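Inspection log for the structure reproduced underneath, given as structure tokens.
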Amino acid sequence: MRLSKFFIPTLKENPSDAFFPSHILMIRAGMIKQLTAGVYSYLPLGLIVFRKIEKIIREEMNAIGCNEFLLPALSPNELWEQTGRLDAFGDIIFRIKNRDLILAPTHEEVFATIAKPNLVSYKDLPQMWYQIQTKFRNEARPKSGVLRARQFTMKDAYSFDLDYNGLDVSYKLQEQAYRKIFTRCGLKFFSVEAASGTMGGNESMEFMVESDAGEDIVAISEDGTYASNIEVATAYPEIVERKNTNLPYEKFHTPNVKSIAELADFLKIKDKSRLAKSRVFVIDKQKENQENEYILTLVCGDDEVNESKLEAILGTKIRQGHPDELIEITGADAGSIGPIGLKSKNIKIIADLKLKDSDELISGANINDYHIKNIDLKRDVKDIIYKDIRVVKENDLTLKTKSRIRISKAIEVGHIFKLGTKYSESLGVKYLDKDGKEQLIVMGSYGIGLERIAAAFIEQNNDDKGIIWEGEIAPFKVHLISLEQGIISETSDLIYNNLKEKNIDVLYDDRKDVRAGFKFNDADLIGIPLQIIVGEKFLKDKKIEIKIRRTNERILVNYDDLINKIVELIR
RNA sequence: CGGGAUGUAGCGUAGCCUGGUAGCGCGCAUCGUUCGGGACGAUGAGGUCGCCAGUUCGAAUCUGGCCAUCCCGACCA
């Protein structure tokens with residue numbers, strides 16, 4: 001491609017509303033342009049990169065026998081009502097105003113409607129289907145460029161199996177394909193255990209790229225044996241040891257003490273582990289004649305409650321109690337709540353494993369400005385349940401190997417789910433087995449965010465000059481820079497044609513009246529791995545300069561050896 | 001959805017407090033000089049100052065409403 005004909009609006013200055021390197025550089029290198037919040041136009045250079053990622057994904061999906069489809073983005077409301085996801089997704093779904101249609105945020109339902117009349121016998125299974133298609137999600141807060149957009153490209157795949165053993169096989173195939181895809185895309189990635197959220201199902205795995213621009217938080221062990229999304233991460237519980245002093249519990253006055261930090265200050269202590277932190281959660285009633293359920297959680301003062309773990313334990317959505325509810329339920333405001341003397345009897349108490357049978361604890365008295373000391377959970381709190389409900393912290397140890405845990409931010413580039421029968425049940429996707437008995441098809445679902453791969457790659461591969469492409473997803477292999485007219489232009493044209501003959505993707509900066517420095521800076525910004533610089537300085541000795549973008553290393557080669565050297569460097 | 005900020009030429013911004021000719025840098029056009037790390041000089045084009053209403057002789061500037069964008073949080077395959 002000749003740069004004189006290529007539309008690539010590079011920018012010298014940083015756009016004012018971009019903060020992360022990938023966002024800044026994708027705009028500055030002319031890859032994308034924002035149309036409105038969370039919606040981007042893909043410009044030629046960006047599209048070339050996205051297409052290369054698509055090609056890798058397509059090849060790896062086809063390699064495991066996955067069939068490519070292309071489903072519509074529009075989809076009837078009715079279909080989504082059948083699985084209950086019109087409500088479950090809520091505001092995240094874009095709705096068409098003048099038709100009962102939605103813009104699909106994912107495609108389980110639509111694929112299932114194809115499966116239903118066609119996968120009817122055990123002989124039809126298993127099947128794996130996928131598409132690479134535009135998804136629409138009405139994100140409340142789009143951010144960080146293409147990392148969280150309202151319109152984006154996803155590879156979504158679905159497996160249909162006879163039973164759970166079959167699902168395990170399909171899931172494993174997808175997992176292996178994912179590892180190949182991300183490796184070929186040049187990402188430094190890792191996989192983590194994950195929560196499945198509104199997708200349903202039990203087991204799920206996320207593929208993560210560590211980056212400050214990421215929105216997920218992960219716990220990673222130093223010995224490399226453990227990595228998990230913080231939502232489901234567990235650590236070795238350092239039990240708060242019993243002292244067995246058997247002191248009676250005692251109420252004491254704590255004026256204006258509202259938080260654990262203030263309580264520690266008031267008591268002049270540093271170790272907050274015996275200051276049991278209480279929080280009240282509510283499960284809203286499902287029907288009119290039911291009552292709300294309340295849960296009081298206890299964790300060590302320096303820990304936090306992990307609400308997603310709590311939801312998993314309870315098997316339902318929870319919410320934090322409103323301030324006016326708290327008084328009603330406990331008798332006190334947040335800050336003076338504890339496990340003893342609760343006003344309402346209908347409260348389930350769940351304590352973290354670290355507090356198992358602990359004594360000499362201090363917690364709220366359920367009377368404003370009072371706390372209780374010498375609480376012995378074993379002695380004083382009946383019907384207490386111990387569960388792992390805390391958020392894993394930096395320097396915690398892993399459960400199995402006691403390796404130190406690090407907390408980091410990460411970009412989720414892929415997510416695979418063992419869905420099970422959630423959709424086949426609600427949509428009636430069944431087959432007849434060998435014995436002529438009706439069975440539910442067991443499904444899996446597998447997603448990759450295309451643009452996120454590109455953004456994650458740039459997050460991991462950039463410097464103060466720009467992007468540093470490498471490997472298969474580089475938009476071009478070589479950036480040929482011609483520095484003058486006359487003989488230099490002729491030589492450059494020759495090199496350009498030779499490279500094209502060798503099928504080497506080359507971007508040729510043949511622009512006239514553009515000064516050298518401008519071309520060099522554009523080249524570093526766009527970040528093609530190899531630069532060939534043709535200028536008078538070396539051409540007078542029949543030499544051509546090759547610059548390696550990543551290392552800034554410069555290699556001088558004889559004109560006649562250039563193509564061979566380039567072929568060698570690309571390999 | 002809650003909190004905060006911003007909106008002035010294609011991009012980055014000053015001016016707003018204290019109302020009176022809309023300014024600068026980059027980019028763009030023409031000419032000349034320059035020509036291996038975002039050149040220099042000269043001339044020039046480009047603006048409903050986010051939108052609507054109000055106050056005023058007069059509003060980019062003051063007031064109110066709306067819209068948009070960004071940041072923090074909530075939410076979130």
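For this structure, a couple of remarks:
- Backbone N under 17 Å from the A:F266 label point (7 Å along Cα→Cβ), restricted to the range A:344-370: A:361-370
- A:L397 sits with roughly 50 Å² accessible to a 1.4 Å probe, with DNA, RNA and ligands left out of the calculation.
- Mean separation of Cα contacts under 8 Å (6+ apart) over length of chain A, as relative contact order %: 17 percent
- For the range A:518-571: rounded, prolate or oblate by the Cα gyration tensor [a/c cutoff 1.5]: oblate
- Accessible area, probe 1.4 Å, largest first, for residues A:I372, A:I555: A:I555, A:I372
- Diffusion coefficient, µm² s⁻¹, Stokes-Einstein with Kirkwood Rh over alpha-carbon pairs of the range A:256-403 at 37 °C and 0.692 mPa s: 208 µm²/s
- Accessible surface for A:W469 stands near 0 Å², nearest 10, in the context of the full protein assembly shown (1.4 Å probe).
- Too-long pairs where the Cα-Cα distance tops 18 Å, listed order kept, from A:K116/A:K430; A:K243/A:K354; A:K5/A:K512; A:K477/A:K540: A:K477/A:K540
- Loop-located trypsin sites (Lys or Arg not before Pro) across the range A:214-300 with a Cβ neighbour count of 15 or fewer within 10 Å are A:R242, A:K243, A:K258, A:K268, A:K270, A:K285, A:K287, with loop assigned by DSSP.
- Over 30 Å between alpha carbons, listed pairs A:K123/A:K422; A:K123/A:K155; A:K251/A:K317; A:K172/A:K500: A:K251/A:K317; A:K172/A:K500
- Ligands, DNA and RNA aside, A:C185 has an accessible area near 0 Å² when probed at 1.4 Å.
- Helical mean residue ellipticity (222 nm; -39500 (n - 2.57) per DSSP H run of 4+; nearest 500) of chain A: -8000 deg cm²/dmol
- Convex hull (Cα only) mean projected area of chain A, reported in nm² to one decimal: 34.1 nm²
- Computed FRET value (nearest 0.05) for A:D435 with A:K537, which takes r as the C-beta separation and R₀ as 56 Å: 0.10
- Virtual spin-label span in nm between A:R404 and A:K55, 7 Å along Cα→Cβ: 4.4 nm
- Shape of the range A:68-214, Cα gyration tensor, a/c cut at 1.5: oblate
- Fraction of antiparallel bridges per DSSP, chain A only, in percent to nearest 5: 75 percent
- Of all beta bridges that DSSP places with both ends in the range A:267-365, some 60 percent have antiparallel geometry.
- Candidate lysines for bridging to A:K543, where Cα separation is under 17 Å - those fewer than 8 sequence places away on the same chain excluded: A:K565
- Each of A:R511, A:R379 has its accessible area taken with a 1.4 Å probe; listed largest first, they run A:R379, A:R511.
- Cross-link pairs exceeding 19 Å in C-alpha to C-alpha distance, out of A:K270/A:K356; A:K465/A:K519; A:K143/A:K309, comprise A:K270/A:K356; A:K143/A:K309.
- Over the range A:1-155, accessible surface divided per residue gives 50 Å², non-protein components excluded, 1.4 Å probe.
- Extension gain, A:D302 to A:K382, is 26.4 nm, computed as 0.36 nm per intervening residue step minus the present C-alpha separation.
- Shape of the range A:476-570, Cα gyration tensor, a/c cut at 1.5: rounded
- Accessible surface, the range A:226-292, averaged per residue in Å² (probe 1.4 Å): 65 Å²
- Angle of helix A:164-184 to the longest C-alpha principal axis of chain A, folded into 0 to 90 degrees and rounded to 10: 50°.
- Folded to 0 to 90 degrees: helix A:516-526 orientation relative to chain A principal axis, Cα: 40 degrees
- If the chain linking A:N521 and A:E568 were pulled fully straight, counting 0.36 nm for each residue of separation and taking away their Cα-Cα distance, it would gain 14.4 nm.
- Rounded Å value of the spacing that divides the Cα centres of the range A:497-536 and the range A:214-232: 41 Å
- Summarising the strand pairing of the range A:476-570, around 50 percent of its internal DSSP beta bridges are antiparallel.
- A Förster radius of 60 Å combined with the Cβ-Cβ distance from A:A63 to A:N289 puts the calculated FRET efficiency at roughly 0.60.
- Neighbourhood net charge (14 Å Cβ-Cβ; Lys/Arg +1, Asp/Glu -1) for A:D333: -2
- Share of carbon and sulfur in the accessible heavy-atom surface of chain A [1.4 Å probe, %]: 49 percent
- Annotation: extensible slack from A:E325 through A:R95 equals 79.3 nm (criterion: 0.36 nm per residue apart, minus Cα-Cα distance).
- Computed from Cα atoms, the angle from the helix A:108-118 axis to the main principal axis of chain A rounds to 80 degrees.
The values are calculated or read from the model by the stated rules, or taken from the named source; none is laboratory data. Model, not experiment: these values are computed from the prediction. Ideal geometry is used to build each Cβ from the backbone, glycine not excepted, and the neighbour counts take in all protein chains shown. The protein model used for the area step is the full one, side chains on, heavy atoms only, and it has no ligands, DNA or RNA in it. Shrake-Rupley method; radii C 1.70, N 1.55, O 1.52, S 1.80 Å.
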